[in-house]
Every structure is written in C-alpha cells, then in structure tokens.
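**Q** Submitted below is the structure of interest, expressed as structure tokens.
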Amino acid sequence: MKILVTGGAGFIGSAFVRMALDEDTAWRVVNLDKLTYAGNLENLAGVSESPRYRFVRGDIADGGAVMRLFAGEKPDAVVHFAAESHVDRSILSPEPAVRTNLYGTFCLLEAARVHQTPLFLHVSTDEVYGSLEEPLEADENFPLQPSSPYSASKAGSDLLALSYGKTFKLPVIVTRASNNYGPYQFPEKLIPLMISNAMEDKPLPIYGDGMQVRDWLFVDDHCRALLAVLDKGRAGEIYNVGGSLALPNKEVVRRILAATGKSESLMRYVADRPAHDRRYALSSEKVMRETGWAPRMPFDEGLALTVRWYRENIDWVRHVKSGEYMQYYERNYAHREP
Ligand code: NAD
Ligand code: TYD
C-alpha cells in the first residue's frame, strides 16, 4: 500500500506520517509538501531515512507537477492535509488560502481522477459548519456556514471533493476534525502560541472576551481516526472527528499558565478577530459507530505532555520563530493592543 500524503511536513501531517510508518510495516509513504512557513522537515527527522518514505518538495497547486507525480508513483490512497491552515493569516491575506486550499485540492482531485486513485481522503475541519448556538452540535448533514476565508476555502474544497465522488465516481471520503493540539504545532495557533509566550514571560493575547468555545482533540487521536477511516470508512461519506472536550479559550489559557507555572497576570485581552466564531461543537457519533474509534487522550494529560514537549524542544521553537514569524506576529498583534 502506497499512500501519498500532502502537507506531511506540517503539524498533523507529520504526526500522521510518523504514525502510519510506525503502525503498518507494509505501508510506503510519499510526502508532497511545499515547505511553506508551516512545513518543517525537522518534524520528520525520525523517519526521513526509512526506505519506506520519500519526500517530494512541490506545490499542490502546480497541476502539471501533481499530475506527473501521480503518474510516477501511482498511489493506492491520498491523504490530503496540505493547506494554509490558519484563520488569522487568511484574514490578513486570503489569496494563499484560496489558492492552496481550493485550487490545490482541485489539482489533486484531477490527478486522482485521471490516474483512478482507489481512495482520496480529504482532511477538513469542523470550522466549515460555522458558529453554533448552545446546545446545537453539528452532525455531518449540518449546513455549511463558514465565516473566514480559511473556513470558506475548506468548505469549498470539501464540496469539490464530494462532487468528484458523485460525478466521476472517485472514491472520496471527507473528515472534519475539531481543533487539534500537541507537539510540533506551529506557534501561531492558540495553544502553542500561549505556551511559547508563557515560557518567554510575554503577554498572552486573548481575543475579545475569551469566552469562545472550541472542542479540543489531541493530534494522535486525530491521526488514529484517519487510519480508522482509511480502513473502515465508506466512500462518499463525511466523518466528523472531535475530542468531546469543549472549553472556552480563557479556561485553556488559565490551564496553560498553571501547567507552565506562570502567573495569570500575563493574560491580556486584545481586540477581537473579525467574524470570530463563538462556538464550535460537533458530534463524532458516526465515526465512532462505523469504525470503533474514540478519542483517548484526556485534555489535562495531553496539555501537560504538550507543554513538556515545547519546554524540551526550545531549539525547534526558536527555529520556527524565524524572521517570517516575527513579521507575522507584528502584523497580527500590533493593531490589537488593548
Ligand atoms: P499546518 O499549517 O501545520 O501544515 C500545513 C502543511 O501543508 C505544511 O507542511 C505546508 O508546508 C504544507 N503546504 C501548504 N501549502 C502547500 C501547497 N500549496 N502545496 C504543498 N504543501 C503545502 O497545518 P495542520 O494544522 O497540520 O493542518 C493540516 C490539515 O488539517 C489542514 O488541511 C487543515 O485544514 C486540517 N485541520 C487542521 C486542524 C487544526 O486544528 N490544526 C483541525 C482540523 C482540520
Ligand atoms: P486558533 O488556534 O487560531 O484556531 P481556530 O481559530 O481555527 O479555532 O484559535 C483558537 C481560538 O483561540 C479562537 O477562538 C481564537 C482564539 N485565539 C486567541 O484568543 N488569541 C490568539 O492569539 C490566537 C492565535 C487565537
């Protein structure tokens, strides 16, 4: 079985590549990644020498290169992670999100259609459902009401992928996961940014009133769900994958401060994100029923493990917080000063 993973040098993609190579010795993985600011081959140091692993640097939105790769590799399955994955960046400049998430997904689907790839797993997000009032929970049939260029581009790519299933009989599965956290996450997302700032005694910028609710999923639980769906999921179906743990941001930040041993005086309420979704909530009943998957990692344990990882990998943090990161940080946070 040869799997073409896209975006395998990112946070979730690299966890998936490590797990897939570890879990099944019959699998081979080809990792197609452009190595944007979010892609980092250090995340794959442990597998880079494996004879069952190949890295290809490339852009999923380069249709010709993608087509040639499919012709050469003839993958048995595609697991598609590559994306511009951050809401704030998609607000600062929407074009890369639209290009990669929408057009890049199109290029992959076209190549999969032409080369009759047996399975295309499109990794998506619960953000496509938009903000939900309490006590609503989105199941897979819930209307799509994305709020940001990021979530709109993901919703569009979900629909395009599903259309290839219906129109061209390409076996497509879409998964929609909640907010992931864990080691190797780029410190632009809530949890790693707050850990990294706390470690440096820098202010922890909380958007708005900090009462926005997210469902937290440990990254390895997500990857196990993807393996379960590859094994037992049905073509043409959508599967929600949540951690069954909803917390307001403020509470997450408090727990990070407790785990890092820092004072709550570092919490800083700053200007809100435009169109900030108030609450995400999803039902994962379908993936649990059909595949037997369930999240395993309790949040406090996962958070403690994550904090420990960032403490022990200061060099990784230092490396990814390069010049580009500083420019982004300045652009995103300078105008939010309270
Ligand atoms: P990430 O930003 O950490 O990694 C994205 C990877 O994609 C990077 O390695 C980057 O180099 C690569 N990439 C970007 N543009 C590319 C292009 N044009 N061609 C080839 N490679 C490109 O993202 P992540 O957090 O690991 O998310 C992975 C996937 O999971 C995304 O599709 C995202 O929408 C989805 N998802 C993420 C979360 C989350 O909480 N992070 C939750 C649900 C779903
Ligand atoms: P984020 O990790 O960007 O994920 P998403 O927006 O995709 O859910 O943000 C998680 C939540 O944390 C979201 O409600 C926005 C909030 N947030 C802050 O309050 N401050 C920050 O500096 C960041 C990055 C996020």
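The values are calculated or read from the model by the stated rules, or taken from the named source; none is laboratory data. Just so we're clear, the structure is a prediction, and the values are computed from it rather than from any experiment. For neighbour counting, all protein chains shown are included, and Cβ atoms are generated from backbone atoms with ideal geometry for every residue, glycine included. Quick note on the areas: whole protein, heavy atoms, side chains included, nothing else; ligands and nucleic acids left out. Shrake-Rupley method; radii C 1.70, N 1.55, O 1.52, S 1.80 Å.
**Q** Return the lysines within reach of LYS202: Cα separation strictly under 16 angstrom, same-chain partners fewer than 8 residues apart disregarded; answer none if there are no such residues.
**A** Partners within reach: LYS189, LYS262, LYS321.
**Q** OK, next. Within the stretch 1-76, list the trypsin sites (Lys or Arg not before Pro) lying in a DSSP loop whose Cβ has at most 15 other Cβ atoms in a 10 Å radius. Working shown, then result.
**A** On the way: sites: LYS2, ARG18, ARG28, LYS34, ARG52, ARG54, ARG57, ARG68; in loops: LYS34, ARG52.
Within the stretch 1-76, the qualifying trypsin sites (Lys or Arg not before Pro) (loop, at most 15 other Cβ atoms within 10 Å) are ARG52.
**Q** Considering only protein heavy atoms and a probe of 1.4 Å, how much of the accessible area of the stretch 156-253 is carbon and sulfur, as a whole percent? Before the final figure, lay out the partial values.
**A** Details: 1610 of 2910 Å².
Here carbon and sulfur together make up 55 percent of the probe-accessible area.
**Q** Sorted from largest down, give the three principal axis spans of the alpha carbons of the chain, whole angstrom values.
**A** Largest first, the chain extends 56, 44, 37 Å along its Cα principal axes.
**Q** Could I ask something else about it? Roughly how much of THR175 is accessible, in Å² to the nearest 10, using a 1.4 Å probe?
**A** 0 Å²
**Q** Quick one: dipole size for the chain, taken about the Cα centre, charges +1 on Lys/Arg Cβ and -1 on Asp/Glu Cβ, in debye to the nearest 20.
**A** Values: 39 positive and 44 negative charges, 108 e Å.
The dipole magnitude comes to about 520 debye.
**Q** Assuming R0 = 41 Å, what is the FRET efficiency of MET211 and ASP231, from their Cβ-Cβ distance, to the nearest 0.05? Let's see the in-between values first.
**A** On the way: r = 39 Å, r/R0 = 0.94.
It comes to 0.60.
**Q** Can you list the trypsin sites (Lys or Arg not before Pro) in the stretch 254-323 that are in a DSSP coil and have 13 or fewer other beta carbons within 10 angstrom?
**A** Numbers: sites: ARG254, ARG255, LYS262, ARG268, ARG278, ARG279, LYS286, ARG289, ARG296, ARG308, ARG311, ARG318, LYS321; in loops: LYS262, ARG278, ARG296, LYS321.
Listed in order of number, the matching sites are ARG296.
**Q** Then there's this: Please build a GNM for the chain, connecting alpha carbons under 10 Å apart, and tell me which residue among ASP59, ASP126, ASP231 fluctuates the most.
**A** ASP231
**Q** 222 nm [θ] for the chain, helices only, -39500 (n - 2.57) per DSSP H run of 4+, per residue, to 500?
**A** Working: 12 runs with 135 residues, N = 338.
Result for the chain, helices only: -12000 deg cm²/dmol.
**Q** Identify, among ALA83, VAL317, LEU69, the residue whose Cα sits farthest towards the positive end of the charge dipole of the chain, taking +1 on the Cβ of Lys and Arg and -1 on the Cβ of Asp and Glu, with the dipole about the Cα centre.
**A** Result: LEU69, furthest along the dipole toward the positive end.
**Q** Looking at the chain only, what percent of DSSP beta bridges run antiparallel? Nearest 5 please.
**A** Here the share of antiparallel DSSP bridges comes out near 10 percent.
**Q** Additional query: Please list ILE238, ILE256 from largest to smallest accessible area, probe radius 1.4 Å, with all protein chains kept in place. List each step's numbers first, then the result.
**A** Values: ILE238 30, ILE256 0 Å².
These residues rank, largest area first, as ILE238, ILE256.
**Q** Please calculate how many Å² of accessible area the chain carries per residue, with a 1.4 Å probe and no DNA, RNA or ligand atoms counted.
**A** Values: 13960 Å² over 338 residues.
Ligands and nucleic acids excluded, the figure is 41 Å² per residue.
**Q** Also: Just read off the accessible area of PHE142 with the full protein assembly in place, 1.4 Å probe, to the nearest 10 Å².
**A** 50 Å²
**Q** Moving on to the next point. Mind checking which lysines have their C-alpha under 26 Å from LYS286, skipping anything on the same chain fewer than 8 residues away?
**A** Those lysines meeting the cut-off are LYS154, LYS166, LYS169, LYS232.
**Q** While we're on this one: Between exposed GluC sites (Glu not before Pro) in the chain, where DSSP calls loop and at most 13 other Cβ atoms lie within 10 Å, what's the longest gap?
**A** Values: sites that count: GLU49, GLU133, GLU200.
Value returned for the longest uninterrupted segment is 201-338.
**Q** Which of the listed residues, THR36, LEU21, GLY46, is farthest toward the dipole's positive end in the stretch 1-52, when Lys, Arg count +1 and Asp, Glu count -1 at the beta-carbon?
**A** THR36
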